[in-house]
Amino acid sequence: MRETITLGGERRVGRIGYGAMRLTGDQLWGEYADHDSAVKLLRHAVDDGVTMIDTADVYGPHTNELLIREALHPYPEELVVATKGGFVRGGPDLSTIAAVGNPNYLRQSVRLSARRLGVDCIDLYYLHSGRAADAPFEEQVATLAELRRQGLIRHIGLSNVTVVQLSTATSIVGIAAVTAHYNLADRDEAPLLEAAASAGAVFVPWQPVSLAPPGIATNPHGSRAMRQVVQPIADRYGATIPQLALAWLLQRSPAVLPIPATTIPEHLDDNLAAQDLELDDRDVDTLDRLA
């Protein structure tokens, strides 16, 4: 039986989830081009043992949540569907995304996500950004705490926040999960990982298998140099580079629950199989020193 992790002190989920973000149109706008294959992929994920699926109201917007409902509702008892609110966008260009923290907007966002997902209570609801300037951060977290008391949210998460913001939030309400960009190549959020683990929160890396380091746009050889180190290690285990990256994350901390995204069923299967890969201390040390 594969290892599990506890979410919010009471919900057991697998160590690798699925990020559904890519099941949208170009630049996360509109419907995914092959609707039927997206439905099949989501069902395949659950059949293959995925017990946490990650989405957000801004993916589409809204189309990703609706797709998940179409594919999986009524949801299996063991499945956690996590969604997020607090971003808006003015059109198909990703540059139009902006953070909103207005309490009434967040109340509306939670209720509408619940409606789209077809649930009375959202398993895990993230504040999608700590950068909104239209309301104090404390007020945004307090709004989610209020909605939790009302039974609309089971567990609260935070996305795109600082260590200080996490500390502030935990003084208001229990935080079950923190999601951030973290992988072999980008360790900038290592302090947030440590803070999340100390707070008893699950740390959820997104883009967990990327080998593109910060500044890749100006350093196109960065990921190639990393591959030259990573590929021979992966080969020794008979693994792919994404599997190695996920196995490293799982051994990095018992609080980690990566959510790799893919549109290919075989890649999804490979990602889940990374849970069975155990790296020796020498290779972990080599990978630790990469970034």
Hull-based mean projected area of region 6-118, where the convex hull spans the alpha carbons, in square nanometres: 7.4
Hey, got the dipole for region 67-148? About the Cα centre, +1 on K and R Cβ, -1 on D and E Cβ, debye to the nearest 20? 220
Cα-only Rg/Rh for the chain with Kirkwood Rh rounds to 0.95
For Trp248, Trp206, what's the fewest-to-most ordering of other Cβ within 10 Å of each Cβ? Trp206, Trp248
The extension gain from Asp93 to Asp36, computed as 0.36 nm times the residue separation minus the Cα-Cα distance, is 18.0 nm
Give me the distance in nm between label points sitting 7 Å out from Cα along the Cα-to-Cβ direction at Ser167 and Arg111, one decimal. 3.6
Cβ crowding within 10 Å averaged over residues, with 37-46, 276-285 ranked highest first: 37-46, 276-285
Among the GluC sites (Glu not before Pro) within region 5-101, which fall in a DSSP loop and have no more than 11 other Cβ atoms within 10 Å of their own Cβ? Glu10, Glu77
Please work out whether region 1-65 counts as rounded, prolate or oblate from its C-alpha gyration tensor, where a ≥ b ≥ c are the square roots of the eigenvalues and a/c under 1.5 means rounded, while otherwise a/b larger than b/c means prolate and anything else oblate? oblate
What does the C-alpha gyration tensor say about the overall shape of region 74-156? Classify as rounded when a/c is under 1.5, otherwise prolate if a/b is larger than b/c, or oblate. oblate
What is the calculated FRET efficiency for His73 to Arg149, with r their C-beta to C-beta distance and R₀ = 25 Å, to the nearest 0.05? 0.45
Asp120/Ala142 FRET efficiency (R0 22 Å; Cβ-Cβ; nearest 0.05): 0.50
Signed unit charges on C-beta, dipole axis of the chain, positive-most listed residue Thr262, His73, His62: His62
Over the Cα atoms of region 143-270, compute the convex hull volume and normalise it per residue, giving Å³. 132
Any idea what the dipole of the chain comes to, in debye rounded to 20, about its Cα centre with Lys/Arg Cβ at +1 and Asp/Glu Cβ at -1? 560
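No lab work stands behind these numbers, since they all come straight from the coordinates. Treat the numbers as computed from the prediction; the structure is a model and nothing was measured. Methodologically, a virtual Cβ is constructed for each residue, glycine included, from the backbone with ideal geometry; neighbour enumeration extends over all protein chains shown.
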